[in-house]
Amino acid sequence: MNFITGKQLYYAFAAGGEAVIAEREILNRMNVFPVPDGDTGSNLSYTLKSIIENTEIHNDAGATMRSLAQSALVGARGNSGILFAQFVNGMAEAVGDQSRITLEQFVDSVNHAVTRAYEAISNPVEGTMLTVMRDWAHSIKEELNHVKDYPNLFRRTLDRAKQSLQDTMYKLEHLRKAGVTDAGARGFVNFISGFHDFLEAGAEVDHLHDRPAISGSLAVDEDPHADLEDLEDLSFRFCTEGIVSGTDIAAGGVREALNDLGDSLIVAGGGPHARIHIHSNNPAEVFYRLKQFGTVSNQKVDDMFRQFQMMKSPKARIGLVIDSTCDLPPELLDEHQIHMAPLTINFGDSSFLDRLTLKSEQFYRLLDEESDFPTTSQPSPSIFSRLYGHLSSHYDSIIAVHISRPLSGTYNTSAQEASQIEGTKISVLDSKTISASLGLMVLEAAQAIEEGKSHEEVVELLDNLSHRTDMWVTTPSLNNFIRGGRVSKFKGGIGKLLGMRPIIGVTPEGASRFRDKAFSYKGALKKIIDQVIRGHQERGIQSFSVVHAAAQEEAEWVAREIEQATGVKSSFISEISPVLGAHAGLGAVNLGLLYKK
């Protein structure tokens, strides 16, 4: 057998993928480099699952190889997955339009793929998957002079790949201390072993079996690394990934634009699509810079610091989940180990994750730069599926508290995905509010969990709190209400002409409602303060907070006035989430409170 067709190529890749997926948990447990976050097996498995499920199978080898490369690029996840995707894309470049791949062409494509894999990484490190890829590529080139068929080529070179894998333990101090070989490198050896097994057993069969079915969800990281002891390797907090699509994207230009924002930078692909992976403390700036190269999509941000907290220093056995409309400041999310599912903000064809890949600084810049008015949408089902699957491995139970049902479909999506998780009790609650007042509710729940309250007691507390919240929001301009369609152009025009500033709140059921109006921004803020003082006299304020859209001075003034009048100090003053800023507009101030009764 000295050539393979497109159909044979696909099934060889699928066999390699199945071999990796079979060792997924072993690879997770071995994962100590570049960050010991226990997800290399999951990431490689997810990438190969995407290849198996999404590749278009052609008799023509070149067409199949291009589809393999595209499926790998779109489905790639994690450092190892994106590096593997770059390897596959390199093979596709070398194979070109060949209808079948001869042994010589295959060897050339693998060696070209190794070159492209090294080019994708800003600072290649030896003793990793890269090294094993290179060593195996060199060995098949050397053996080409001695063998003339595929099975023999693999048979004679697999031992060299396995030896290269064994050597990784002595090339990296992290691996030597842990007593393991590199997880990504082992995954690559698993892949070529599965590839070889198919060539030995099935490649000569004319009628090949159906597309392999991969059972179970591979989007869930069920077994994070158990040996992570400290954060010495976590210079950058967020594992950040995405795709940028455009015209003739130069991978080198993308690398240059992102190089100062973190480490573990990989830019795979190029041309119409590039896949990016970087460990960074500023995912929002990563994607803001990427937007200059084209349309940004498929964003994913994993908070490695929160993963570490959950694995090594959990405060409680109940996990607490919010969505990004809960306006708690980052330091309180960290202090109470609260997990967040982001809503989505769309600028034209580019989509961003609220508070993760788009923060206030970048959001307001884009508002000035973009002609398209941003639209918003609830978190995708996959975000909740992955989050609940991950948390269920670490907590006895989970409580999720969300933006009110009349304002968003977030609750419904969360509840649907929670119902699919077996073995862990998950309660999904409608807060009947939003923003600052939702933050106050969640803060009370977090403190109750840390005090040792039971799951049922915390759920009951949150239900009680939902009847004791109130909120007001006003803005210096009606422009965003008009642009977003929440106020008609006609009514908005009259309101602007009269200088009207609306004061908005929510009903007891959580729907938005008009509460009052003023004829100046300052006047609206004063009316809010007056209403809060009256509420305090009638029901007593337990706590309050103020969030704002680039209006720090006004927010602090409101907080001071209320504290002077009631004796209650604000629980926090913070930036409003961009997804809410898109509706309220620059300068908006939102005040939320909890009454004592």
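The values are calculated or read from the model by the stated rules, or taken from the named source; none is laboratory data. Worth saying up front: this structure is predicted, and the values here are computed from it rather than measured. Neighbour counts are summed over all protein chains in view; Cβ atoms, including those assigned to glycine, are modelled from backbone coordinates with ideal geometry.
For the reader, a short list of remarks on this structure follows.
Quick grid of which residues meet (1) aromatic (Phe, Trp, Tyr); (2) within 23 Å of the chain's Cα centre (by Cα); (3) at pLDDT 75 or above:
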residue: ASP182; (1), (2), (3): no, no, yes
residue: ASN190; (1), (2), (3): no, no, yes
residue: ALA201; (1), (2), (3): no, no, yes
residue: HIS209; (1), (2), (3): no, no, no
residue: LEU218; (1), (2), (3): no, yes, no
residue: THR240; (1), (2), (3): no, yes, yes
residue: GLY253; (1), (2), (3): no, no, yes
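- The helices (runs of 4 or more DSSP H) located wholly in region 1-115 that include 2 or more residues which are more than 23 Å from ASP135 (Cβ to Cβ) occupy 6-22, 24-30, 40-54, 61-75.
- ASP223 being surrounded by fewer than 20 Cβ atoms within 10 Å (Cβ to Cβ), in contact with a helix residue (DSSP H, G or I) (Cβ under 6 Å, 6 or more places away or on another chain) and either closer than 21 Å to PHE352 by Cα or modelled with pLDDT under 70 (or both): yes
A quick yes/no check of all residues on (1) in contact (Cβ under 8 Å) with a residue 12 or more places away in the chain; (2) within 22 Å of CYS326 (Cβ to Cβ); (3) buried (at least 17 other Cβ atoms within 10 Å of the Cβ); (4) not small (Gly, Ala, Ser):
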position: ARG501; (1), (2), (3), (4): yes, no, yes, yes
position: TYR521; (1), (2), (3), (4): yes, no, yes, yes
position: ALA524; (1), (2), (3), (4): yes, no, yes, no
position: ASP530; (1), (2), (3), (4): no, no, no, yes
position: ILE533; (1), (2), (3), (4): yes, no, no, yes
position: ILE541; (1), (2), (3), (4): yes, yes, yes, yes
position: ALA549; (1), (2), (3), (4): yes, yes, yes, no
position: GLU553; (1), (2), (3), (4): no, no, no, yes
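- Exactly one residue out of ALA85, ALA94 is touching a residue at least 24 places away in the same chain (Cβ under 8 Å) and among the small types (Gly, Ala, Ser), and it is ALA85.
A quick yes/no check of all residues on (1) at pLDDT below 95; (2) of a type in the set (A, V, I, L, M, F, W, C); (3) buried (at least 20 other Cβ atoms within 10 Å of the Cβ); (4) on the phi > 0 side of the Ramachandran plot:
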residue: LEU438; (1), (2), (3), (4): no, yes, yes, no
residue: GLN447; (1), (2), (3), (4): no, no, no, no
residue: GLU456; (1), (2), (3), (4): no, no, no, no
residue: THR475; (1), (2), (3), (4): yes, no, yes, no
residue: ASN479; (1), (2), (3), (4): yes, no, no, no
residue: LYS489; (1), (2), (3), (4): yes, no, no, no
residue: ILE494; (1), (2), (3), (4): yes, yes, no, no
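- For region 514-597, the strands (runs of 3 or more DSSP E) that sit wholly inside it and include 3 or more residues that are of a type outside the set (Val, Ile, Thr) are 541-548, 589-595.
- Cross-chain or 6+ apart pairs with Cβ under 7 Å, region 144-162 first and assigned to a helix (DSSP H, G or I), then of a type in the set (Asp, Glu): PRO151/GLU200; LEU153/GLU143; ARG156/GLU143; THR157/GLU143; ARG160/ASP135; ALA161/ASP135
- Within region 237-280, tally of residues that are buried (at least 19 other Cβ atoms within 10 Å of the Cβ) and not in a strand (DSSP E or B): 5
Residue-by-condition table, conditions (1) more than 27 Å from THR5 (Cα to Cα); (2) surrounded by fewer than 21 Cβ atoms within 10 Å (Cβ to Cβ):
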residue: ALA120; (1), (2): yes, no
residue: ASN123; (1), (2): yes, yes
residue: VAL132; (1), (2): no, no
residue: ILE140; (1), (2): no, no
residue: PHE154; (1), (2): no, no
residue: ARG160; (1), (2): no, yes
residue: LYS171; (1), (2): yes, yes
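- Filtered residues of region 331-350 (kept if within 22 Å of TYR388 (Cβ to Cβ) and either at pLDDT below 95 or under 18 Å from the mean Cα position of the chain (by Cα) (or both)): LEU333, ASP334, GLN337, ILE338, HIS339, MET340, ALA341, PRO342, LEU343, THR344
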